[in-house]
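Below is one structure; the comments refer to it alone.
Please treat every number below as a calculation from the coordinates, not as lab data. Just so we're clear, the structure is a prediction, and the values are computed from it rather than from any experiment. Note that each Cβ is placed from the backbone with ideal geometry, even for glycine, and that neighbours are counted across all protein chains shown.
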Amino acid sequence: MKIKILSIVLLAGLITASCKKYDNGPGLSLRSKKERVANTWRIAQVTDDGNDVTDDYESYRLTLTKSGSADLYIRYTFIGGSYEVTTGGTWVFQDKKEQLYLNFDNDDADATYRITKLKEDEMWLRDDADNLEIHLIPQ
């Protein structure tokens, strides 16, 4: 009997581990990926090539809906200048839901991010081309 229970526990562990889609989790969620993405997000942390640049993002709000619409507001500093972006658009999953593509009316804000963590209260995005990592939490 103990061997059967141990086998079931090991099998469940293997199944759960293989279901993990994103590098940083979660291993299992009862909410769909679309439901977890749909939120109004704000910056928790941003790193650029490993350097913390969170303070450069004075204000950041990304609203994603289950229907696929997206609204972005950013106020940030870069090389001594202050910039502001407000734009609407759409979002979709790409590459078997491992990437998030943001397509905005302001094409300068368009981006494709690799999702490294997707929870109801946390989303981590990575732009490998620019070595940028964005950690988002609900607003």
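Of note:
- Dipole orientation for the range 30-138: of the candidates SER32, LEU72, PHE104, SER32 has the Cα lying most toward the positive pole (charges on Cβ; Lys, Arg +1; Asp, Glu -1).
- Euclidean distance between Cα centres, the range 81-102 to the range 107-138, Å: 9 Å
- Its relative contact order, with pairs defined as Cα atoms under 8 Å and 6+ residues apart, puts the range 30-138 at 26 percent.
- Aspartates and glutamates whose Cα lies under 17 Å from that of LYS97, excluding same-chain neighbours fewer than 8 positions away: ASP23, GLU35, GLU120, GLU122, ASP127, ASP128
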